[in-house]
Amino acid sequence: MPRSVLVTGGSRGIGLATARALQAAGDRVAVTYRSAAPPEGLLAIRCDVTDTAQVDAAFKEAEQAHGPVEVLVCCAGITRDQLLMRMSEDDFTAVLDTNLTGTFRAVKRASRAMLRARSGRVVLVSSAVALRGEGGQANYAASKAALVGFARSMARELGSRNITFNVVTPGLTDTDMIRTLSEEQRAGMVGQIPLGRLGAPEETAAAIAFLASPEAGYITGAVLPVDGGAGMGH
Ligand code: NDP
């Protein structure tokens, strides 16, 4: 049976690769986009996850087209890197509002139908930085670390309703998000990765698709690294 899937931040990068993987596996997939052009071949819904009303409207549109959302992937995320002394309060709260509160908004909205169905799969996209920290990324790392506590709390709160919550922590992945890095910065970071290369968005997508699959039905509260070994030891 094809499932109704919603991927937030599915217009490009890891979210788009995940949407394509789940669609190829036979699911009915809706993606949200904000500023990028809507991707072709998928139900694309404009939605800014910092706005509760837009999140609600996006779920309504996905539900009308595909039925109640059974699989939610929260991928929408931003960075606003800055050293602490130069980081404005707005840099901090904007990142938290998108990466953490945006996820809360989507999960809360999705939980209604999942509770009714007594079934659901939720995968949150965190980051290797969540566990190891990174200079210049205090806002981003804090938002991504919080997703682990959030997912594990949800796993305990909603486990009895057969709703699973898992987290992936990608390492450096070849998407627009890392285009701002200089060649030198990138080479330095790749040098720290045991597998010695960037990850492909499709590699994180495959891990997400597994955690969303029926075969992963007994996995909840897990944190799955997809980072070439960069975060080992946490
Ligand atoms: P991209 O910058 O390519 O994609 C980010 C996605 O998030 C886009 O679809 C964007 O939509 C969406 N988005 C951002 N802000 C909002 C918002 N307020 N409301 C709705 N959608 C929003 O990055 P990646 O694919 O690399 O990142 C995807 C996720 O993976 C992020 O959560 C990121 O933190 C995480 N990640 C990425 C890593 C990397 O190295 N690339 C490493 C670890 C984690 P639009 O384009 O329409 O604006």
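The values are calculated or read from the model by the stated rules, or taken from the named source; none is laboratory data. Bear in mind the structure is a predicted one, so any value in this text is a computation, not a measurement. Because the Cβ atoms are built from the backbone with ideal geometry, glycine has one as well, and the counts that use them run over all protein chains shown.
Residues in the stretch 91-137 that are away from the ligand (no atom under 11 Å from the Cβ), of a type outside the set (D, E, K, R) and over 30 Å from Gly233 (Cα atoms): Ala110, Ser111, Ala113, Met114, Leu115, Ala117, Ser119, Gly120.
Ala30 passes every criterion in (1) more than 8 Å from the ligand (Cβ to nearest atom); (2) surrounded by fewer than 21 Cβ atoms within 10 Å (Cβ to Cβ); (3) among the small types (Gly, Ala, Ser) apart from (2). Taken over the stretch 131-148, residues that are outside any helix (DSSP H, G or I) and touching a Phe, Trp or Tyr at 6+ places or on another chain (Cβ under 8 Å) amount to 1.
All of Ser88, Ser4 fail the test of being closer than 18 Å to Ser213 by Cα, more than 9 Å from the ligand (Cβ to nearest atom) and either surrounded by fewer than 16 Cβ atoms within 10 Å (Cβ to Cβ) or at pLDDT 95 or above (or both), apart from Ser4. Are any residues in the stretch 174-206 loosely packed, with under 14 Cβ neighbours inside 10 Å and of a type in the set (Lys, Arg), and if so, which ones? Arg179, Arg197 - these are the residues of the stretch 174-206 that are loosely packed, with under 14 Cβ neighbours inside 10 Å and of a type in the set (Lys, Arg). Residues that are among the small types (Gly, Ala, Ser) and closer than 13 Å to Ala209 by Cα were ranked within the stretch 7-33; the one that is nearest to the chain's Cα centre (by Cα) is Gly15. Of all residues in the stretch 20-52, those being assigned to a loop (DSSP other than H, G, I, E, B) and aromatic (Phe, Trp, Tyr) number 0. Checking each residue in the stretch 53-84 for being touching a residue at least 40 places away in the same chain (Cβ under 8 Å), within 17 Å of Thr103 (Cβ to Cβ) and in a helix (DSSP H, G or I) picks out Val55, Asp56, Ala58, Phe59, Ala62. Just name the residue that is farthest from the ligand (Cβ to nearest atom) out of those in the stretch 160-184 that are among the β-branched types (Val, Ile, Thr) and assigned to a loop (DSSP other than H, G, I, E, B). Restricting to residues being among the β-branched types (Val, Ile, Thr) and assigned to a loop (DSSP other than H, G, I, E, B), the top hit is Thr180.
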